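The next block holds one structure in the form of structure tokens; read it before the comments.
Derivation of every value follows stated rules applied to the coordinates shown; laboratory data play no part. Just so you know, these numbers come straight off a predicted model, no measurement behind them. All Cβ positions, even for glycine, are placed from backbone atoms using ideal geometry, and neighbour counts span all protein chains on display.
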Ligand SMILES: CC(C)CC(=O)SCCNC(=O)CCNC(=O)[C@H](O)C(C)(C)COP(=O)(O)OP(=O)(O)OC[C@H]1O[C@@H](n2cnc3c(N)ncnc32)[C@H](O)[C@@H]1OP(=O)(O)O
Ligand SMILES: Nc1ncnc2c1ncn2[C@@H]1O[C@H](COP(=O)(O)OP(=O)(O)OP(=O)(O)O)[C@@H](O)[C@H]1O
Ligand SMILES: O=C(O)CCC(=O)C(=O)O
Ligand SMILES: [Fe+2]
Ligand SMILES: [Mg+2]
């Protein structure tokens, strides 16, 4: 699928932007379903509805505009259609091989910043959240549901950082507050070249789980929308993160999973095994 130039670009930079990959019609359907979920017209088992911390901690009564992110929509057939779009899977297969699992799903509705810069997403590596390997067989697809630019907080990437190792992550020291589980790399090189990935509606970026990335504040009045899925080869294997830098996220996830599913001591890897869904080939290991 990939031209030699595209392959080389990904190997060197850790991401690949494909223009106009998802149709307007599909994006409109995802948007409609998102709105139905916000209006609570559909109930989705396992879905996590997240509000921005600035809104969650204020007196303001939240309505659908307060939703900053939907996570784990694998049980919603309409949104999950995104993860199985053939034109996306054709690219994903270049990184994962033929057995493909959709491991993590998100619809991000980055709100207009409430004045505390909490709409930012600190610079991080997604692998920090994942207890499975090898990292080269994991890839994220992130599709802009509208034009994204520096004004509304597009993705910011540090090209080439996927060649490094997994860094220690923790909450950034931000005055205005930080969203739950938005860990960041503590000491990335501030002089590393930065790229602002500006995209049109339907453009899709594929990126490596070690690529350091984040997103800036949304300085517009609109809600910047994107839909994404992290894929892994189903031949990947789970690892034990105890004693590694990932132990802090394991503890937080176990605490939340315990509350959400009413089970104590759920293994971190099981929180992934039961959310993961096969989208192509055979479920061999994950
Ligand atoms: C690769 C990928 C995984 C990378 C990422 O996506 S990183 C971000 C990952 N994010 C997540 O996994 C979502 C984490 N969020 C959640 O689990 C939930 O939204 C919670 C923060 C637990 C809130 O759950 P919810 O059921 O809405 O609970 P409540 O509304 O009753 O609030 C309970 C207490 O939590 C606070 N809260 C709500 N939203 C946030 C927030 N965004 N950041 C920080 N704190 C928050 C809320 O103020 C309340 O606090 P107290 O009043 O108890 O002090
Ligand atoms: N010290 C830091 N620690 C962790 N993440 C940071 C830090 N500084 C910046 N970032 C992340 O990198 C993103 C991009 O930073 P950048 O300074 O380019 O954007 P910004 O300050 O949000 O907007 P602007 O385009 O006006 O500079 C930030 O929004 C934030 O998510
Ligand atoms: O859409 C964004 O702002 C980035 C989200 C992101 O990187 C993540 O949730 O891991
Ligand atoms: Fe990320
Ligand atoms: Mg700045």
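Quick rundown of the values:
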{"item": "Meets criteria (assigned to a loop (DSSP other than H, G, I, E, B) and out of contact with any helix residue (DSSP H, G or I) (no Cβ under 9 Å at 6 or more places or on another chain)) for residue 98", "result": "yes"}
{"item": "Counted residues, the stretch 205-229 - those being more than 11 Å from the chain's Cα centre (by Cα), more than 19 Å from residue 67 (Cα to Cα) and part of a loop (DSSP other than H, G, I, E, B)", "result": "4"}
{"item": "The stretch 196-215: number of residues that are more than 14 Å from ligand 4 (Cβ to nearest atom) and in contact (Cβ under 8 Å) with a residue 60 or more places away in the chain", "result": "6"}
{"item": "Among the residues listed as 12, 41, 5, the single one being more than 20 Å from the chain's Cα centre (by Cα) and part of a loop (DSSP other than H, G, I, E, B)", "result": "41"}
{"item": "Condition broken by residue 70, with the remaining ones in (1) buried (at least 20 other Cβ atoms within 10 Å of the Cβ); (2) within 24 Å of residue 261 (Cβ to Cβ); (3) within 16 Å of ligand 2 (Cβ to nearest atom) satisfied", "result": "(3)"}
{"item": "Index of the failed condition, residue 180 passing every other in (1) in contact with a strand residue (DSSP E or B) (Cβ under 8 Å, 6 or more places away or on another chain); (2) on the phi > 0 side of the Ramachandran plot", "result": "(2)"}
{"item": "Test set (1) surrounded by fewer than 23 Cβ atoms within 10 Å (Cβ to Cβ); (2) within 24 Å of residue 72 (Cβ to Cβ) - residue 204 fails condition number", "result": "(1)"}
{"item": "Within the stretch 257-276, tally of residues that are within 19 Å of the chain's Cα centre (by Cα) and in contact (Cβ under 8 Å) with a residue 24 or more places away in the chain", "result": "6"}
{"item": "Test: residue 181 is surrounded by fewer than 21 Cβ atoms within 10 Å (Cβ to Cβ), within 11 Å of ligand 3 (Cβ to nearest atom) and in a loop (DSSP other than H, G, I, E, B)", "result": "yes"}
{"item": "Set 156, 148: member being in contact (Cβ under 8 Å) with a residue 40 or more places away in the chain, touching a strand residue (DSSP E or B) at 6+ places or on another chain (Cβ under 6 Å), more than 15 Å from ligand 1 (Cβ to nearest atom) and closer than 19 Å to residue 205 by Cα", "result": "148"}
